[in-house]
Structures are given as C-alpha cells and as structure tokens.
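This report refers to the structure that appears directly beneath it.
No lab work stands behind these numbers, since they all come straight from the coordinates. Predicted model only: the values in this text are computed from it and were never measured. Heads up, the Cβs are rebuilt from the backbone with ideal geometry, glycines too, and the neighbour counts pull from every protein chain shown.
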Amino acid sequence: MTWNLFHGRDWPPEPELQVRAHKGSFRRGPRRGERYEQVNRDLFDQFAGLIASVAWDVALFQEFPPSWRDRMAAACNADAHRALSGRNWLQPITSLIGRWRPDLLGAWEGGSDTTLVRRAHAGITDRRREILTWRPELRVMALTRLSTGVCVANLHLSTDPSRAERELLDAAERAIGFAGAGPLIFGGDFNVRPKASEVFDELGRRFGLAPPTAPDRLSHLLVRGLEVVEHPAALPPEARDVTDPETHLQIRLSDHHPVIGKFATVG
C-alpha cells in the first residue's frame, strides 16, 4: 500500500469545510457540514485504526507525521523506516503544536517518507535516506531492504510536473543501484499523472518499472522483478471515512487515495 497521509489531517469533501481547513485555525473542531465534519484535532487513532485494518505486508507513507513512527509501527505490528523530509527544523515543538491544532501548521509540522513492514512478513535489514533535491523544497527517498531480498523505494516528489519527472528518473536510477539484481518496489506520491507524461514509458524502458496505477493518479506502485498479481488500484474515497461517535458525522482522512497492489516473487 502507498498513501499520502496529508500530515495526519482530514479533508472533508464538502467545499465549505475544505476552505476552512485550508486556512488553518486556532479553533478546535468540529466544524459541521451535512454529512461530514472538519475536526482540526489529532487523528492518530483514526488513521492507525484504518491502516491496521487493511491487509498489507509493506506500506509506504508520505507526509507522515514524524512523531507517529513508533506508535504506528506498534499499532500495525510492524518495523519502520522513517526518512525525514522538509520542514522539520523545529521538531519536536512543531509536533506538539500539530497534535494540538494540525490545521494551524499544515505541512509546517514537518513530514517524512515512512515505510512499514509487518513483522509476520519480513524484517528490515538495511535503511538508507537519499536526498533527491534541496530546492525549492527538500525531497527525499527512503530505501529499505527486506529480509526476503525485496527492496522498497518510498518517495514524494515535487509538485511541479517537469521537476517531478526529473526527480523520478534520478530516484529510479538510485533505487535500481540499491536493489542490484534483486526485486524492487518503487512507489509513493510521484505528483505526475501518466495521461500527462511520457516519463512512465521511460521508467519501463530504462528500468523495467511498471505498471502505473491509472492514467489520472498521482500515487503509484511500480515494480521490477516481481509478478503483478493484482494491478495497483486506488481505494474509493469512502474507504477512508470514519464515523465520529460523538456527532455521528463522517471524518474523511487525508486528501489522497490509498493505492493497493499485490505482487509475488518470480519463480
């Protein structure tokens, strides 16, 4: 699974609530709509409950709150590899503020690309953090080697598509170098849509990495040296809804869809 967690925030589908969430606020939620609410509070329990309930062996997260690593790993019975990305200069102060009022800081709470591996599936034998670019914002890649021999590259690229394409090819070359002849999972939030870019053809041609999730998706799980059992697909928006027991309204976690694929070793 790969999922951009939006710094542990919610993003209700009702436009008026989105505007308020985007501006940030000292005010504690919830702000109520017709079916949804925007809560502006710590949502670790809701994210952890949903993530732990999904059947995955390896999970790649972007915009993952750095302070969540150990608690999320424990909730999922997993080992973790956290690669800090941008805006982490004032940790742990920003994490405390983010837990109090997450919409007040937004991305300025700090973030990470964090990979979880369920212990029942495999262990982690090697962790590396690769810096892809410093400007206009620090972008990194978490490279993780599993005890099964599979390697995992977890990345979140720049929002400018042309810059993201260059970063994507650079990241693929480095990930292939890390994996060597072994199988590779290469995924995350690429910020590139296949219908608008030829870079996915180049990833397949030069590095053997495929298949993209869907023509209109930004998050992808590409593989090399693995059999595609179930093509990567985004879960429907409602899959990330949880019910607030106090108001009985829905909370929609993150502004991104989780993407899930199933792969098997060859031979």
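For the chain, what is the mean residue ellipticity at 222 nm derived from helices alone (per DSSP H run of n ≥ 4: -39500 (n - 2.57); sum divided by total residues; nearest 500 deg cm²/dmol)?
Mean residue ellipticity at 222 nm (helix-derived): -7000 deg cm²/dmol.
If one computes P(r) from the Cα atoms of the chain, what percent of pairs lie at distances over 26 Å?
39
Tell me the relative contact order for segment 165-267 as a rounded percent, counting alpha carbon contacts under 8 Å between residues six or more apart.
Once divided by the residue count of segment 165-267, the mean separation gives 24 percent.
Given R₀ = 45 Å, FRET efficiency for E198-H248 by Cβ-Cβ distance, to 0.05?
E(calc), rounded to 0.05, equals 0.40.
Can you list which of the DSSP-assigned H helices in the chain have a Cα extent of 15 Å or more along the long axis and an average Kyte-Doolittle score of at least -1.0?
Sorted by number, the helices that extend far enough and score high enough are 161-179.
Give me the tail of P(r) for segment 124-207 as a percent: Cα-Cα pairs with distance above 19 Å.
35
So how do E165, E246 line up by other beta-carbon neighbours within 10 Å, fewest first?
With the fewest neighbours first, E165, E246 line up as E246, E165.
What is the local net charge at R174, summed over the other residues whose Cβ is closer than 15 Å to its Cβ (Lys, Arg +1; Asp, Glu -1)?
Result for the neighbourhood of R174: +2.
All other residues with a Cβ under 13 Å from the Cβ of H248 taken together, and with Lys, Arg as +1 and Asp, Glu as -1, what is their net charge?
Net charge in that neighbourhood comes out at -3.
What number in nm² do you get for segment 151-267 if you take the convex hull of its Cα atoms and divide its surface by four?
Seen from a random direction, the Cα hull of segment 151-267 projects 8.5 nm² on average.
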